[in-house]
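What follows is a single structure, written as structure tokens, with notes after it.
What follows draws every value from the coordinates through simple rules; no lab data is involved. Keep in mind that what you see is a predicted model, and the values were worked out from it rather than measured. Cβ atoms come from the backbone with ideal geometry, glycine included; neighbour counts cover every protein chain shown.
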Ligand SMILES: Cc1cc2nc3c(=O)[nH]c(=O)nc-3n(C[C@H](O)[C@H](O)[C@H](O)COP(=O)(O)OP(=O)(O)OC[C@H]3O[C@@H](n4cnc5c(N)ncnc54)[C@H](O)[C@@H]3O)c2cc1C
């Protein structure tokens with residue numbers, strides 16, 4: 001058993017660490033306050049080759065895989081979860097295409113993500129269908145020429161404003177209230193097509209700078225060649241999300257590490273009762289507890305990333321993948337809370353990044369399957385003996 005990273009991954013981590021410290025850290029507060037998309041960071045990531053980490057070399061990426069992306073996101077999330085989200089969006093919408101798309105779809109839609117000439121977003125959620133994805137109402141009906149006509153509204157879509165294309169799921173069954181898995185199909189929809197419109201954007205508590213919002217689809221004609229995988233391939237949504245668990249988890253461990261490093265430096269400087277705050281055992285135990293939980297979350301996350309890179313994201317691997325997402329994002333929420341408290345009043349003020357970590361962390365336990373949904377999946381794995389120690 002080898003717990004070390006390869007030389008290539010260590011080099012990647014060190015490079016991204018420098019970029020994050022020199023370029024991302026100084027921009028984090030401004031991105032939050034202006035709520036403006038950080039185009040400069042997008043171009044920086046493009047020039048550093050970070051947009052193609054998870055994309056195979058034959059489609060212009062570097063082939064560093066989910067583990068490579070996970071490591072890069074961990075570094076960036078130490079300072080800005082909005083910037084980390086920009087990297088995550090190189091995989092979330094491309095995932096289904098990479099898993100089940102045709103060579104032509106990968107060439108046309110995935111390759112431009114690697115060189116930054118296009119961006120994409122992922123549309124699964126609808127106002128009445130978040131966790132309960134089968135409650136979606138977006139419909140695709142045959143157009144009579146082999147293609148499809150899509151109608152519906154997707155919501156809370158990260159990166160919806162900047163995206164050039166969308167990975168969208170719609171009901172293809174005759175009865176839109178059908179809940180069978182083969183009633184849903186995955187499509188690539190281009191932003192420039194007639195009937196595709198970005199609706200309202202959300203006023204968010206955190207991860208500002210990369211908008212979430214609505215995608216409105218009105219009589220959008222989609223050619224048969226833009227069906228990803230097979231008609232009735234809802235399973236693809238789950239495979240895509242399963243393989244994303246370590247990538248979301250990385251946003252959590254990076255945030256927790258950033259918060260703990262900042263708070264540790266602060267309490268070592270802060271004088272109280274003739275000592276520093278770091279001299280109190282109560283504070284040391286909080287540092288120890290968080291450090292242990294962060295390392296546990298990292299181990300779960302790196303293992304999940306390694307599994308995903310081996311295409312182990314089908315049902316029997318789900319508990320291992322969901323554990324990483326569940327645990328790392330809950331650790332992020334806890335770390336941001338405990339570390340803010342360690343700074344006292346200073347933690348509550350915008351002069352320090354703690355309140356930003358605190359606001360950013362909370363979305364991580366909600367997106368791409370809430371903590372409750374992950375726990376349901378982990379429990380199902382144990383009940384079905386996919387995870388068993390006997
Ligand atoms: C910042 C942000 C960005 C997002 N980006 C995207 C995106 O890019 N694309 C996209 O498609 N979606 C996106 N989402 C939507 C996200 O995936 C959903 O919010 C999430 O799946 C939860 O759905 P919901 O909000 O409708 O909550 P609900 O499903 O209404 O759940 C409400 C509460 O009930 C709990 N609950 C629900 N079902 C169960 C159950 N079976 N057992 C126990 N508890 C349960 C949930 O855990 C939650 O606490 C984003 C959301 C946010 C906040």
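Using just the C-alpha positions of segment 85-163 as equal point scatterers, what log10 of I(q)/I(0) does the Debye formula give at each q in 0.12, 0.19 1/Å?
For segment 85-163 at q = 0.12, 0.19 Å⁻¹, log10 I(q)/I(0) is -0.42, -0.99.
Fewest Cβ neighbours within 10 Å first, please rank 234, 3, 122 accordingly. Please list the in-between numbers first.
Working: 234 22, 3 7, 122 28.
Final ranking by Cβ density, sparse to dense: 3, 234, 122.
Full-extension gain between residue 151 and residue 43, please, as 0.36 nm times their residue separation minus the C-alpha to C-alpha distance. Could the numbers behind the result be given before it?
Working: separation 108, 0.36 × 108 = 38.88 nm, distance 3.37 nm.
Contour length minus the Cα-Cα distance gives 35.5 nm.
For segment 235-383, what is the convex hull volume of the alpha-carbon atoms per residue, in Å³?
Numbers: hull volume 15.0 nm³, N = 149.
It comes to 101 Å³ per residue, whole-number rounded.
By how many degrees, 0 to 90 and rounded to 10, does the Cα axis of helix 7-19 deviate from the longest principal axis of the chain?
Computed tilt is about 80 degrees.
The chain: D in µm²/s via Stokes-Einstein (Kirkwood Rh, Cα pairs, 37 °C, 0.692 mPa s)? Could you put the intermediate results ahead of the total?
Values: Rh = 21.4 Å.
My calculation gives 153 µm²/s for D.
Run through all the Cα pairs of segment 7-114 and give the fraction in each 5 Å bin from 0, expressed as whole percent.
Computed distribution, short to long bins: 2, 13, 24, 23, 17, 12, 6, 2, 0.
Quick one: length gained pulling residue 366 to residue 269 fully straight, 0.36 nm per residue minus the C-alpha distance? Could you put the intermediate results ahead of the total?
Details: separation 97, 0.36 × 97 = 34.92 nm, distance 3.49 nm.
Gain on extension, residue 366 to residue 269, equals 31.4 nm.
So if each residue of separation counts as 0.36 nm, and I subtract the Cα-Cα distance between residue 299 and residue 36, what length gain in nm does that give? Working shown, then result.
Values: separation 263, 0.36 × 263 = 94.68 nm, distance 3.41 nm.
Between residue 299 and residue 36, full extension yields an extra 91.3 nm.
Order by neighbour count: 14, 115, fewest other Cβ atoms within 10 Å first, most last.
Lowest to highest Cβ neighbour count: 14, 115.
If you wrap a convex hull around the C-alpha atoms of segment 120-228 and split its volume per residue, what is the figure in Å³? List each step's numbers first, then the result.
Working: hull volume 10.3 nm³, N = 109.
Convex hull of Cα atoms, per residue: 95 Å³.
What FRET efficiency comes out for the pair residue 280/residue 380, r = Cβ-Cβ distance, R0 = 35 Å, nearest 0.05?
Working: r = 43 Å, r/R0 = 1.23.
E between residue 280 and residue 380, to the nearest 0.05, is 0.25.
Based on the Cβ-Cβ distance of residue 178 and residue 143, what FRET efficiency does E = 1/(1 + (r/R0)^6) give at R0 = 25 Å, to the nearest 0.05?
Numbers: r = 20 Å, r/R0 = 0.80.
Calculated transfer efficiency: 0.80.
Order these by the 10 Å Cβ neighbour count, fewest first: 143, 132.
Ascending Cβ contact count within 10 Å gives the list 132, 143.
Give the dimensionless ratio obtained when the Cα radius of gyration of segment 50-200 is divided by 2.2 N^0.38 Å.
Taking N as the residue count of segment 50-200, the ratio is 1.08.
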